[in-house]
Amino acid sequence: NTAGKPIRCRAAIARKPREPLVIEEVIVAAPKSREVRIKIICTSLCHSDINYWKLERPPAIFPRILGHEAIGVVGSIGEGVHEVVEGDTVIPMFLPDCGECADCLSKKSNLCSKYPVHCTPWVGRDESSRFTDMNGETLYHFLHVSSFTEYTVVEVARVIKVDPAIPANRAYLLSCGVSTGLGAAWKAANVEIGTTVAIFGLGAIGLAVAEGARLCGAKRIIGVDVNQDKLEIGKKFGVTDFVNPRNIGDKTVSQGWGKTVMLGVDQPEAMLTLSSFEVLHSGKSIMGSLFGGLKPKSDIPVLIKRCMDKELQLDAFVTHEVEFEDINKAFDLLLQGKSLRCVMWM
Ligand code: CXF
Ligand code: ZN
């Protein structure tokens, strides 16, 4: 029984920007109060991991355990945890849902005001790490999850208990990118039956928007991408029309109304520039959305149920599978735009 004790296990460590991760033995401390130690079953790579792995300047932090899309089993719990017990199947999430603050209780927000969402180096609010390497050096966390390790420690406010009947290599998809796209159509844009949706960028998130729009009853789903290969890929996800902006001139789209939802992953220092004239005079709205507006603890179980009922199709998002030792292959595939999601089994 390892409860209350440190665990020694394998992890993939990002030691320097842009350098391949290295598999090493690490020590994972016991969970503190309101934390859970999770044995990861499988994990995957999202573009945010890549962005922070590439980062040379602050907020670059190394050595670090990246990864935030995963599913696992509760190995042990810290003091004051009542929501889950050892053996529960759980999805760790970067987005918290404390269930107590004004924002978690409100339907208008999915941004918890008690727990932050930062690309933080720490497990949570106490500014400490639960990871050390075999030389005693601190290894930093990433996005409150750090799933590129056999065991990790996550705050219980970021843990969703799920039915273990759902296949792990589908359920884990709901921890970040795919949920973000599904939520953007369902919650943020509130796509209605018979409407038209345009999706700019047909990566995993954009394709998840297509799947979400299909489930909401959209009639036309227009995929926009400069990569012509996305024409055929898009069809598998219900994209009805495809536009490659490199092949067309300036085209006027609907005037006077329309809603644009911004989502996904940007570069940490990216700025948004807009024509004020076009916003002022168009009657259009532009909104941002983190995690597609989904509230983790109430909305993820709905998506899991729709997946089990075979309404929500997740299979096509998993394009590759590699052993955890081969994690750098998963980086290469995503960097080359060859994969949507690559499952890594621990
Ligand atoms: C994150 C990336 C960093 C800021 C919050 C949202 N999304 C997931 O990849
Ligand atoms: Zn992500």
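Things to note:
- Under the condition of being touching a strand residue (DSSP E or B) at 6+ places or on another chain (Cβ under 6 Å), open to solvent by 30 Å² or more (accessible area, probe 1.4 Å) and among the aromatic types (F, W, Y), the residues counted in the stretch 108-161 number 2.
- Residues of the stretch 58-82 satisfying the condition of being out of contact with any strand residue (DSSP E or B) (no Cβ under 9 Å at 6 or more places or on another chain), under 16 Å from F142 (Cα atoms) and either open to solvent by less than 50 Å² (accessible area, probe 1.4 Å) or more than 16 Å from ligand 1 (Cβ to nearest atom) (or both): A60
- Inter-residue pairs, beta-carbon under 6 Å, first closer than 16 Å to C98 by Cα and within 16 Å of ligand 1 (Cβ to nearest atom) and in the stretch 290-314, second in a helix (DSSP H, G or I) and among the aliphatic types (A, V, I, L, M), 6+ apart: G293/A188; I300/L174
- A search for C-beta distances below 9 Å between a residue of the stretch 48-76 that is without any contact (Cβ under 8 Å) to a residue 24 or more places away in the chain and any residue that is within 14 Å of ligand 1 (Cβ to nearest atom), counting only pairs 6+ apart in sequence or on different chains, returns R57/E269.
- The stretch 114-135, residues that are without any contact (Cβ under 8 Å) to a residue 60 or more places away in the chain and within 16 Å of ligand 1 (Cβ to nearest atom): Y115, P116, H118, T120, W122
- Counted residues, the stretch 31-57 - those being under 16 Å from R10 (Cα atoms) and either away from ligand 2 (no atom under 15 Å from the Cβ) or part of a helix (DSSP H, G or I) (or both): 6
- For the stretch 18-30, the candidate set comprises residues that are in a loop (DSSP other than H, G, I, E, B) and open to solvent by 40 Å² or more (accessible area, probe 1.4 Å); within that set, the residue that is nearest to F324 (Cα to Cα) is P20.
- All positions within the stretch 88-104 that are away from ligand 2 (no atom under 16 Å from the Cβ), of a type in the set (A, V, I, L, M, F, W, C) and surrounded by 12 or more Cβ atoms within 10 Å (Cβ to Cβ): V90, C98, C101, C104
- From the list T240, T252, the lone residue that is open to solvent by 20 Å² or more (accessible area, probe 1.4 Å) and modelled with pLDDT under 95 is T252.
- Taken over the stretch 260-291, the residue count meeting the criterion of being of a type outside the set (S, T, N, Q) and in a strand (DSSP E or B) is 5.
- Yes/no for G99 being at pLDDT 95 or above and not aromatic (F, W, Y): no
- The set of residues in the stretch 167-206 that are away from ligand 2 (no atom under 13 Å from the Cβ), farther than 17 Å from S289 by Cβ and open to solvent by less than 10 Å² (accessible area, probe 1.4 Å) comprises A171, L202.
- Candidates R10, R34: the one that is of a type in the set (D, E, K, R), crowded, with 18+ Cβ neighbours inside 10 Å and in contact (Cβ under 8 Å) with a residue 40 or more places away in the chain is R34.
- With respect to the conditions (1) part of a helix (DSSP H, G or I); (2) without any contact (Cβ under 8 Å) to a residue 24 or more places away in the chain; (3) open to solvent by less than 90 Å² (accessible area, probe 1.4 Å), V322 falls short on a single one, namely (1).
The values are calculated or read from the model by the stated rules, or taken from the named source; none is laboratory data. Quantities reported herein were computed from a predicted structural model and do not represent experimental measurements. Cβ atoms come from the backbone with ideal geometry, glycine included; neighbour counts cover every protein chain shown. The protein model used for the area step is the full one, side chains on, heavy atoms only, and it has no ligands, DNA or RNA in it. Shrake-Rupley method; radii C 1.70, N 1.55, O 1.52, S 1.80 Å.
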